[in-house]
Amino acid sequence: MSVAGLPKNEANVLRGHEGAVLAARFNGDGNYCLSCGKDRTIRLWNPHRGIHIKTYKLHGREVRDVHVTPDNSKLCSCGGDRQVFYWDVSTGRVIRKFRGHDSEVNAVKFNEYASVVVSAGYDRSLRAWDCRSHGTEPIQIIDTFSESVMFVCLTKSEILAGSVDGTVRTFDIRIGRELSDDLGQPVNCISMSNDANCILASCLDSTLRLLDRSTGELLQEYKGLTSKVPNGSYKMDCCLTNTDAHVTSGSDDGFIFFWDLVDSSVVSSFKAHASVRSKTHFGIKKVREGEVFVIERNGRFSKTLNPGVHFLIPFVDEIAFVHSLGETIVKIPRQHNVTNDSITKVTDCTMMVKIFDAKLASHWSKDPFENITKLACATLHDVIKQLTSKMYEEKEFSLGSAQSRESSAGMEVQHSAEAHVVAINMLVVTVQNQGVKVSSEALRTYDPDPKALSSRQTGE
């Protein structure tokens, strides 16, 4: 590819994420791409037409990386909730959750046959997971790193990983050999050349380094990134173009740079984003109206930040959670429940969820909204199975005390149901010692339309 063929401006803008985008990955043929970010979602796009196809949402914290199989049927993802998710692309269903990392997971990759997923974690380890078995335990753990593992690449027989300890390590699975190349600077991304003879490593000193895979020799350094923060503290992806003629990387000031592979000169650059956004801070943090930040210091809860300007200790204070103080609409999945006298009732309702205690909501569950949804489904099932069809004729009845209790989960939950099934005026969930108690003021019930029921029973 000549310099004239390099991109010089944006071809399309994909909008939809509600927070910072942490990774974007194309599929094998380049027709589709996946993005993931701090809004805890994965989104599938047709980037050439600018169409959003599907959203995958189940992670409890930010999603840091995503990868798709060569046949586009499965994808894997990882993030701050310490789990690796294995998804079915067409249905959006999670096939399996792999648990085992002791901290955030930074990167994931499928092997060539899509039978194994390898993950790289903040817990200084690589873990391999078997996608074909029903087990959730890793089939191999590599924990020879002295710092966080930021990125991983796979070949047919090797695992390559870059770490904050300044090394790029190659693990030959066939003979059990480990090779370590020390670059002297923290590595946050690695990429292989298309001929698989070289490794490109992006380091936190705003320099890219090209290594010979067979000898570990440093072939070239690429400089010129215009870092706006000390030591280039943002994680930046890097790669080589499809002809291996140029090296490319993003910069934390929003520019994309291209270097000549041989002489390391900057041949092109253009502005792609206004800036890079990350949860990294340098002492001062502004909290917007309607939000609250949960701060952890050295892994433990420290305080919450209300709207305004706040001063934090860099690299010690971490923004662990960001919550909205407004009401959030949560849809309860439709479910069929059976009354005490074996009459089937269908429930389909909506919840209005509001966080009033950010500390309790954050540390009660990795995803409070998902937990509340599951508890509401279980509660509806338990309530309806105690009823009889005769009770439904009364249209309204009361369960328990009329006095609602506050939720120690840090949530106020109010449900409104579809009129043709069940309407719950108020359902407050109380969590005590990992147990769940449900209190309800009133439960209104309505019979389905008799005509609709009759036609359904007769098959018309």
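Values quoted throughout were computed directly from the atomic coordinates according to the rules given, and no laboratory measurement underlies them. Nothing here was measured: the structure is a model prediction, and the numbers come from that model. Counting neighbours? That spans all protein chains shown, and the Cβs are built from the backbone with ideal geometry, glycine included.
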> Convex hull over the alpha-carbon atoms of the stretch 61-140: what's its volume per residue in Å³?
Replying inline: 77 Å³
> If you project the alpha carbons of the stretch 1-139 onto their three principal axes, what span does each projection cover, largest first, in Å?
Replying inline: 48, 31, 31
>> Could you tell me how far the Cα centroid of the stretch 99-121 sits from the Cα centroid of the stretch 194-227, in Å?
In response: 23 Å
>> Less than 12 Å Cβ to Cβ from His246, Lys/Arg counted +1 and Asp/Glu -1: what total charge do the surrounding residues give?
In response: -3
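Quickly rank 212-225, 76-89 as a protection proxy: mean count of other C-beta atoms within 10 Å, highest first.
Order by mean packing, descending: 76-89, 212-225.
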>> Skipping prolines and chain starts, which residues have an amide H placed within reach, meaning under 5 Å, of the one on Ala272, given they are 5 or more residues away or on another chain?
In response: Phe255, Ile256
> Once phi is turned into θ = phi - 60°, what whole-Hz ³J(HN,Hα) does the Karplus curve with 6.51, -1.76 and 1.60 give for every residue of the stretch 34-47, x standing for Gly and Pro?
Replying inline: 10, 10, 8, x, 6, 7, 6, 10, 10, 10, 9, 10, 9, x
> Under 5 Å between amide H atoms, partner at least 5 residues away or on a different chain: which partners does Arg124 have, H built in plane at 1.01 Å?
Replying inline: Val149
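How do 5-12, 185-192 rank on mean C-beta neighbours within 10 Å, highest first?
The peptides rank, most packed first, as 185-192, 5-12.
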> Over 27 Å between Cα atoms, which of Lys54/Lys385; Lys97/Lys271; Lys57/Lys359; Lys8/Lys285 qualify?
Replying inline: Lys54/Lys385; Lys97/Lys271; Lys8/Lys285
>> Amide H of Asn72 versus every other amide H placed in the peptide plane: which residues, excluding those fewer than 5 positions away on the same chain, fall under 5 Å?
In response: none
>> Please list the three semi-axes, largest first and in whole Å, of the ellipsoid equivalent to the stretch 169-227, using sqrt of 5 times the eigenvalues of its alpha carbon gyration tensor.
In response: 22, 12, 9
> Lys/Arg Cβ at +1, Asp/Glu Cβ at -1, dipole of the stretch 1-136 taken about the Cα centre: which of Ser119, His17, Ser2 is farthest positive-ward?
Replying inline: His17
> For the stretch 93-225, what's the radius of gyration and Dmax over Cα atoms, in angstrom?
Replying inline: 14.8, 48
> Using the Karplus equation 6.51 cos²θ - 1.76 cosθ + 1.60 (θ = phi - 60°), what ³J(HN,Hα) coupling, rounded to whole Hz, does each residue of the stretch 3-15 give in order, writing x for Gly and Pro?
Replying inline: 4, 5, x, 6, x, 10, 7, 6, 8, 6, 10, 9, 10
> Which values of log₁₀ I(q)/I(0), to two decimal places, follow from the Debye formula for the stretch 100-149 at q = 0.15 Å⁻¹ with a uniform point scatterer at every Cα?
Replying inline: -0.36
> Once phi is turned into ³J(HN,Hα) by the Karplus curve 6.51 cos²θ - 1.76 cosθ + 1.60 with θ = phi - 60°, what whole-Hz value does each residue of the stretch 55-60 show in order, with x for glycine and proline?
Replying inline: 10, 10, 9, 7, 5, x
